[in-house]
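What follows is a short report on a single structure.
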Amino acid sequence: MWHHRGVGPRARNPLLPFPPVTEPSRYRPQEIEAQWQAHWREQRADRTEQSGPAEPYYALSMFPYPSGSLHMGHVRNYVITDVVARQQRMRGRRVLHPMGWDAFGLPAENAAIERGVDPAEWTERNIAQMRAQLQRLGLSIDWSREVTTCQPDYYRWTQWLFLQFWQAGLAYRKEATVNWDPLDQTVLANEQVDGEGRSWRSGALVEKRKLRQWFLQITAYADQLLEDLDQLEHWPERVRTMQANWIGRSTGAELTFPVVEADGSPTGESISVFTTRPDTLFGVTYLVLAPEHPLVPSLTSAEQRLAVEALCELVAAESEQQRTDEERPKRGVALGAWVRHPASGELIPLWIADYVLAEYGSGAVMGVPAHDQRDFLFARQHGLAIRQVIVPEGADPAAFTGAAWTEPGVLIHSGPFDGLTSEEGKQRILAEAEAAGWGRARVQYRLRDWLISRQRYWGCPIPMVHCPDCGDVPVPADQLPVLLPTGIALQGRGGSPLAQLEAWRTVACPSCGGPAQRETDTMDTFMCSSWYYLRYADPLNDQLPFGREAVDQWLPVDQYVGGIEHAILHLLYSRFFTKVLRDRGLLSFNEPFARLLTQGMVQGLTYRNPVNGKYVAPADVADVNDPRDPISGEPLTVSYDKMSKSKYNGVDPTSVIDRYGADTARMFILFKAPPEKDLEWDDADVEGQFRFLQRIWRLAETAKEQGIVLNPASKGEEPEAAAGVERADLQPAEKELRRAVHTAIQEVSSDLAGELQLNTAVSELMKLANAMGTHLANVRPAVAREAVHNLVLLLAPFAPHLAEELWHRLVDPSAPASSVHHQPWPQVEASALARDTIPLVIQVKGKVRGNLEVPADADASTLERLALESDVAAKWLEGQPPRRVIVVPGKLVNLVP
RNA sequence: GGGAGCGUGCCGGAAUUGGUAGACGGACUCGACUCAAAAUCGAGCGCCUUCGGGCAUGUGGGUUCGAGUCCCACCGCUCCCACCA
């Protein structure tokens, strides 16, 4: 073993004693991490204080699905939250930092079908495995609060909460056209179908089916969910925009057109349309219904019946994706029926067309070809009239561009409304409609109700009973939970497994006692995850899902961290739950998550042979600087992609911990990229991070060898006092080191406050280590001790094991475990940051021309004088006095000739 | 089509919010130590240069004493929504 002493050949301070020569120890993360984790566990160091004088702080990571193996995305998520939790603890807060398992879901059920294992056992095993992996990361999680959504003591309350929605009139069952995943054999919510019409889980193209399903009426909260986005100032703009788009609020009018016979006599029926452009009312030349509109059969004339039925059948057979393809010509057919224009009195033909959606608005649109691009194309194709009623302000009314004018303008050909602007026209026409009874103002949302039933086994049973006499009857709260039957054989796909369990299904009606049937659908797992963060506040409550006092104490969550993929799904549902539970009097806040960080993906180094398109494992690449296919020798392309087995680019967190330790993995994942950006995992860089921790270890060893730090008397001593040297007495190196220490305190503190800039926080630690490398050997013990002391404290949230070990080695060997993590967070000492002189930048006409060392407290006129007297001024001003001088005290002087 | 965000060295990324662009790290080059290598330590590292300096933050304009940062236009990339009436 090489002998290393000091940090480089440099002059020693003669004031210092010569260090004793001892064999330095090596940084062995595997040993110290296992040791400290065991101590922390024994002493239950991470337990949450449920009450006390300190302010509560809630740091939360999105809980994982227990797939069985931890991946890098999990590591990133939990490490970010752990840094926050640990620092808040040092800041004196009572911290709630829990973990749990989103444990219902299809993978367990599929494993059961494929391998005959019991889903509960499979899930249990995965949880045990992942918990063990997680614990190796050194996360300060209070495991006594662990929640598992598939256990009866949890899902009992999911059912109880479902009944709250039922009692509030917000849960209902209805027949509807729903998204059907043919691969997973279950329905899906709208939020769970991606932009390409594929299932979020299976990736299969979803089909439309008409089924009787359970819904939660999230649309009743659309307005609040949209408006309160403004309160979420600490959420990423992106997420708020996505939710606002998803909710999709449009203001406009609902206008009613009476249906008439061909001779103009009213039939008594009417068609309502929703429009955002009531100002274009006089441009309506037809009305068009969705093929699924309920009035279509009765309105169709005998002559048109065959054509109408043919189109309806054609449309019904198509997928949503085919149907909403904008490139395709719009198909439509006249019904052979008429409505009367409510303002002009004209007769207007009724049509059906595939471009009108039954689910949005009233399923009917007024056709204004001159001012809507879709209507324009449709009218031209089917020979319908195009009537221009809006002209751009100041334009010639006769000029027709050949395309729809969709911008606002001035009304023409609109009877009494001619000459108004679009905005005035909207208001006046709406007022007229309201007065005459054929219209009203209306707000329309894109958001649809949340479809929560799933035709699968491994989920929370919906606590309802269907009675032939009483209808839908809720299971009484004291009979909860409705237990999911266990030990049943799951065979293949098709049909809800619970529906096949005759004995389980058949029950007495809770209301009349007669024979009845249980609901056999289970809940969407997003139901379980919409309230887990509330349960953590009161995990053992067996009277309620949570006590009001407990949730009000801890929530809203101070810092929530998770993936962007939940921008709409989980984060919207949870907001909805919170608002409903608030209205039920179960909690007192409006929003569950005060601050949200959406962390970026962890991507793996990916090699691909561009010739045959095959991926190559990094281990098979001989030279990373010239990557070639190990078989053919062809050069490979290098990229960073989402980790996946098929690309051989996955990195197993456990193997990284085995090799370098958790602290290195933590530091690397924090340092490599800002938290919200995608991170390119590269094993070579991890090596570099490991070197940094070794460097800290050596710095500490150097200090220890020099006998300047280990000092039991310093126990409990304030870092400022630890300097123990009069400021006036400080030598230049000592001043510089102290400035580096307090700069680091200042920068790390601000990087951890508010926006989490963890990558720069780590780089500040590196700068401090660099400064210590330069100065540690040349300063007196008190100054060195202050530096080491604070480095260890600042390091504690990031590399908790190393910090703990160094604390015991250098500061207090007899301290109890976890004591470094309960030290107060260091405070900046302003005087340590102060400088006697500062470098003043001298600019000439805005360009930097030189530096001048000036007294830090020099006033503006002094700075101006010094700048003018400088060599720089002499050189660049060529003897001419400047026309203007701008002085920024403490920074620069700009001379403008 | 609508919306949001982003373009900075070879690479990941900094920049006190209008004040020294490239912090910190990686890669690379050179040197010290070593028989040698690794590790460690030190130095260098945007481009051009006649060594005075000049040019540089996607492109082109503008505001300003001063612009990566603010304004306008354009180009490119990423994400979300989209026949939503």
Which entries of A:Lys208/A:Lys579; A:Lys735/A:Lys891; A:Lys677/A:Lys891; A:Lys614/A:Lys677 have Cα-Cα distances beyond 24 Å here?
A:Lys208/A:Lys579; A:Lys677/A:Lys891; A:Lys614/A:Lys677
Candidate aspartates and glutamates for bridging to A:Lys647, where Cα separation is under 17 Å - those fewer than 8 sequence places away on the same chain excluded
A:Asp620, A:Asp629, A:Glu680, A:Asp682, A:Asp683
Tilt relative to chain A, helix A:72-90 - C-alpha long axis, 0 to 90 degrees, to 10:
60
Give the peptides A:789-797, A:217-225, A:466-474 in descending order of average Cβ contacts within 10 Å, highest first.
A:789-797, A:217-225, A:466-474
Considering only the other residues whose Cβ falls under 15 Å of the Cβ of A:Leu420, what net charge follows from Lys and Arg at +1 and Asp and Glu at -1?
-3
Under the helix-only model (-39500 (n - 2.57) for each DSSP H run of 4 or more, divided by the residues of chain A), the mean residue ellipticity at 222 nm, to 500 deg cm²/dmol, is -10000 deg cm²/dmol
Between A:Ala176 and A:Lys614, Cβ-based FRET efficiency (R0 35 Å, step 0.05) works out to 0.15
Rounded, prolate or oblate (a/c below 1.5 giving rounded, otherwise prolate when a/b exceeds b/c) for segment A:464-512 by Cα gyration tensor
prolate
I need to check one value: relative contact order of chain A, counting alpha carbon pairs closer than 8 Å and at least 6 residues apart, in percent.
14
Excluding residues fewer than 8 positions from A:Lys672 in its own chain, the lysines with Cα under 17 Å of it are A:Lys642, A:Lys767
Calculate the spin-label point distance for A:Asp552 paired with A:Asp153, positioning each point 7 Å from the Cα along the beta-carbon direction, and give it in nanometres.
2.6
Gained length - A:Leu483 relative to A:Ala436, 0.36 nm times residue gap less alpha-carbon distance:
11.2 nm
Of the DSSP beta bridges with both residues in chain A, give the percent that are antiparallel, rounding to the nearest 5.
75
In nm, give the distance between the simple-model label positions of A:Leu357 and A:Asp230, each being 7 Å from the Cα along the Cα-to-Cβ direction.
2.7
Of the convex hull enclosing the alpha-carbon atoms of chain A, the direction-averaged projected area in nm² is 53.0
Segment A:102-209: GluC sites (Glu not before Pro) falling in loop per DSSP and having at most 15 other Cβ within 10 Å:
A:Glu196
Once both axes come from the Cα atoms, what is the angle between helix A:860-869 and the longest principal axis of chain A, in degrees from 0 to 90, rounded to 10?
70
Can you give the angle from 0 to 90° between the axis of helix A:237-247 and the longest principal axis of chain A, with both taken from C-alpha atoms, to the nearest 10?
10
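Read the figures in this text as sums done on the coordinates, not as results from a lab. Quick caveat, the model's predicted, so the values are computed rather than measured. Because the Cβ atoms are built from the backbone with ideal geometry, glycine has one as well, and the counts that use them run over all protein chains shown.
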